[in-house]
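See structure below.
The values are calculated or read from the model by the stated rules, or taken from the named source; none is laboratory data. Computed from a predicted structure; not experimentally measured. When we count neighbours, we look across all protein chains shown, and the Cβ atoms used for this are built from the backbone with ideal geometry, even at glycine. Just so you know, the surface numbers come from the protein's heavy atoms only, side chains and all, with ligands and any DNA or RNA stripped out. Shrake-Rupley method; radii C 1.70, N 1.55, O 1.52, S 1.80 Å.
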Amino acid sequence: MMKIYHTPVLINEVIDLLDIKKENIIMDCTVGEGGHSEKILSLVNKFGHLYGIDRDKEALDTAKKRLSLTGTNFTLIHGNFADILTITKEHNITRINKIIVDLGISSLQIEIEERGFSFKREGPLDMRMNRGERTTALEIINSLPEYEIADIIYKYGEERFSRKIAKKIVNYRKSKMIKTTTELAEIIKKAYPHKWQKIHPATRTFQALRIEVNKELENLEKFLENFPQILAKNGRIAIISYHSLEDRLIKTYFKQNEKLHILNKKVIKPTPEEISRNPRSRSAKLRGAEKL
Ligand code: SAH
């Protein structure tokens with residue numbers, strides 16, 4: 001049976017914005033299941049090269065299989081894009097013409113129950129993108145004080161009922177450890193007023209936990225501070241984000257760096273056609289910049 005891989009979001013828009021040339025050296029900082037990379041690899045010749053980074057080892061295995069069907073001039077690297085400077089040094093990468101970052105999680109991560117990303121699938125409360133790291137959602141939910149849980153849910157989930165949810169969680173765990181995704185989703189649902197339940201009440205809390213477990217905003221900030229140093233003159237970067245906290249950071253960093261020229265003043269969003277074909281693209285926002 002053919003496996004259906006992660007469908008890349010805004011793929012044509014990314015390719016246009018990056019203006020990929022045959023001999024470009026390109027770095028995909030979130031190679032995931034290789035959706036964007038597959039297309040990019042098909043556009044470069046033997047003088048070009050694709051480097052693909054991901055902090056998720058399992059994603060790299062899938063990407064390797066997928067990309068091997070398209071070409072050979074690629075290198076996959078297990079690492080965190082926040083460490084882009086050390087990664088380029090360690091791999092002796094001296095020129096980077098194009099960078100793509102596609103934030104969020106991959107289909108593989110959300111679809112495997114065992115990874116614990118989805119409130120719709122029963123699994124352990126894990127949510128680590130890199131399973132070699134220590135902190136899991138289980139630890140946060142069962143050991144942080146109530147006010148810290150409330151703050152995480154408020155800050156990273158922009159959840160108006162954060163305090164109510166945190167209270168329910170802490171009450172529940174007094175008698176029983178919270179072990180699974182669906183168990184947590186039920187607790188959240190009980191803390192949620194009925195009339196607000198248009199989207200699943202656990203949506204924002206799960207987003208918040210994922211951001212906290214993986215230190216997503218800290219990693220993005222570190223990356224945004226460092227990437228201009230490794231991008232060649234006239235090199236370009238494209239970043240796709242999926243919530244306003246990330247988009248705000250990207251917009252601000254692009255603006256305040258004098259060495260960057262912003263390529264699209266107005267953020268690029270998927271067409272209704274793409275959203276209906278691939279609902280995961282729903283909240284995607286694309287921004288691009290060129291190094292002067
Ligand atoms: N563009 C890919 C999908 C990427 S999904 C495709 O079309 O197939 C986002 C990926 O980014 C996930 O695999 C996740 O593990 C990875 N990721 C998130 N934060 C990261 C970080 N700080 N460093 C490296 N990879 C990261």
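Structure summary
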read-out	value
The range 44-189: Cα Rg divided by the 2.2 N^0.38 Å rule of thumb	1.33
Two-decimal log10 I(q)/I(0) for the range 149-255, as the Debye equation yields it once each C-alpha is a single scatterer, q = 0.13, 0.20 Å⁻¹	-0.58, -1.01
Within the accessible area of the range 42-127 (1.4 Å probe), percent carbon and sulfur	50 percent
Carbon and sulfur %, accessible surface of the range 188-292 computed with the full protein complex present, 1.4 Å	52 percent
Net charge of neighbours whose Cβ lies under 14 Å from the Cβ of His200, counting Lys and Arg as +1 and Asp and Glu as -1	+4
Rg/Rg_ref, the chain, where Rg_ref = 2.2 N^0.38 Å and atoms are Cα	1.03
Where the range 16-122 is the region considered: accessible area per residue in Å², 1.4 Å probe	45 Å²
Of Lys215/Lys291; Lys120/Lys155; Lys98/Lys285; Lys21/Lys291, those spanning more than 21 Å from alpha-carbon to alpha-carbon	Lys215/Lys291; Lys120/Lys155
Rounded accessible area per residue of the range 133-292, 1.4 Å, Å²	54 Å²
Summed side-chain charge close to His49 - residues other than His49 whose Cβ falls under 13 Å, Lys, Arg +1, Asp, Glu -1	+3
Largest-first ordering by accessible area, 1.4 Å probe, given options Lys285, Lys168	Lys168, Lys285
For Gly52, residues with placed amide H under 5 Å, excluding near neighbours	Asp28, Thr75, Leu76, Ile77
Approximate spin-label separation Asn73-Asn130, in nm, with each point projected 7 Å along Cα-to-Cβ	2.9 nm
